[in-house]
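J.: If you scroll down you'll find the structure; I have some questions about it.
Please treat every number below as a calculation from the coordinates, not as lab data. On a predicted model such as this, the values are computed, not experimentally measured, just so you know. Neighbour counts run over all protein chains shown; Cβ positions are idealised from the backbone, glycine included.
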Amino acid sequence: MNNKKLCIIWKWNDLKDIPEDYQSVPVEGGRNWVIQIHEHKLVDTNENWMSEFCAKKLSKQDELIILCHHQEEQKENKILLFAKQCKAHCKTILLRFGGGRDFIYYSKENDSGLINQTGSLQDGYILGLGKKSVLNDERTIIAKYFHDVWSYYFLNKYKEPIYTFLREKFLLENFGGNFTGPIRTWLDAQPEEAKSILVEFIAGDHPALKDVDPTFQDGLHPLLLARRNLLHLLDQTAPNLHEVRNVTEDLLKHIAGPVY
């Protein structure tokens, strides 16, 4: 099973006493990590530091989501360069957050999220709740909070592009559609990563398939069943679009987790 790493580039107050301006915080279980990088670090650093960081912190077995607070152009160029360096070492997704309403921020209503509004991992008192922390007594991140954030951003990155890719595939190839203009342009602009997930999964090459317990018979393991349903869907001449969405969501749930 691959290691999952969540790199959050932000205004971290947690790092004010750390000269390196970054640190890694383990998640319960020891395989998954949250990497905190102060947003000023990437602006003030050079490519050599980025290369050294990637070589030290990343491996081919990792899946990395970079969550970057929205930045002005100068910082944005460095963020893109950093993401490019990371992609050379492992599968990498770059996403943005900001405004205090993203899922990454701790919500007392949903008991979800990882960070507060003041530059730290949630680890303090909340009105009406008392002490609330995403860290356990050993100061590692509680797996539930990591899992919820990872799954949310993974699914929201890929769910709609893959669903739309499937839907448009059937409309284009099976219903004789000949779309031009905005619809065609939008379809062409969908992330290649979304399409590559389908290609890997159909061919049986996606890394998640290699983690399946071999004692399960084909078709009984939930992940293999999801793949079988997808292959069945692709063989249909005119599948119901509601079924396309259901199969897509089922597939992504299994690819995104578990991370415990």
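J.: Working out 0.36 nm times the residue gap between residue 108 and residue 55, then minus their Cα-Cα distance, what length gain in nm do you get to one decimal? Walk me through the numbers on the way to the answer.
T.: Details: separation 53, 0.36 × 53 = 19.08 nm, distance 3.72 nm.
Taking 0.36 nm per residue and subtracting the Cα distance, the gain is 15.4 nm.
J.: Right, next: Long-range amide H contacts for residue 12: which residues qualify at under 5 Å (H placed 1.01 Å from N, peptide plane, sequence gap of 5 or more or a different chain)?
T.: HN-HN under 5 Å from residue 12: 39.
J.: Excluding residue 124 itself, calculate the net charge of residues whose Cβ lies under 10 Å from the Cβ of residue 124, where each Lys or Arg counts +1 and each Asp or Glu counts -1.
T.: Numbers: positive: 131, 132; negative: 123.
Computed value for this residue: +1.
J.: Full extension from residue 138 to residue 156: what is 0.36 nm times the residue separation minus their Cα-Cα distance, to one decimal in nm?
T.: On the way: separation 18, 0.36 × 18 = 6.48 nm, distance 3.11 nm.
Working it through step by step, the gained length comes to 3.4 nm.
J.: For residue 93, enumerate residues with amide H under 5 Å from its amide H, sequence gap 5+ or separate chain, H modeled in the peptide plane.
T.: It is 64, 65, 66, by chain and number.
J.: Describe numerically, in nm with one decimal, the distance between label points set 7 Å from Cα along Cα→Cβ at residue 228 and at residue 131.
T.: 5.0 nm
J.: Would you mind checking 16/78; 5/84; 91/132; 11/131 for any pair whose Cα atoms are more than 25 angstrom apart? Show your work: numbers first, answer last.
T.: Numbers: 16/78 21 Å; 5/84 16 Å; 91/132 33 Å; 11/131 23 Å.
From the list (16/78; 5/84; 91/132; 11/131), the Cα-Cα distance tops 25 Å for 91/132.
J.: Another question, then. Could you give the nm distance between label points at residue 87 and residue 101, where each point is 7 Å from its Cα heading toward the beta carbon?
T.: 3.0 nm
J.: Moving to a separate point now. What list of ³J(HN,Hα) values in whole Hz, one per residue of region 226-231 in order, does the Karplus curve 6.51 cos²θ - 1.76 cosθ + 1.60 (θ = phi - 60°) give from phi, with Gly and Pro shown as x?
T.: After applying 6.51 cos²θ - 1.76 cosθ + 1.60, I find 4, 5, 4, 5, 5, 4 Hz.
J.: Could I ask something else about it? Write down the Å³ per residue value for the convex hull defined by the alpha carbon atoms of region 3-139. Mind dumping the intermediate values first?
T.: Working: hull volume 15.9 nm³, N = 137.
Value for region 3-139: 116 Å³ per residue.
J.: Determine the gain in length on full extension of the stretch residue 210-residue 11; use 0.36 nm per residue of separation and subtract their C-alpha separation, reporting nm with one decimal.
T.: Net length gain for the segment: 67.9 nm.
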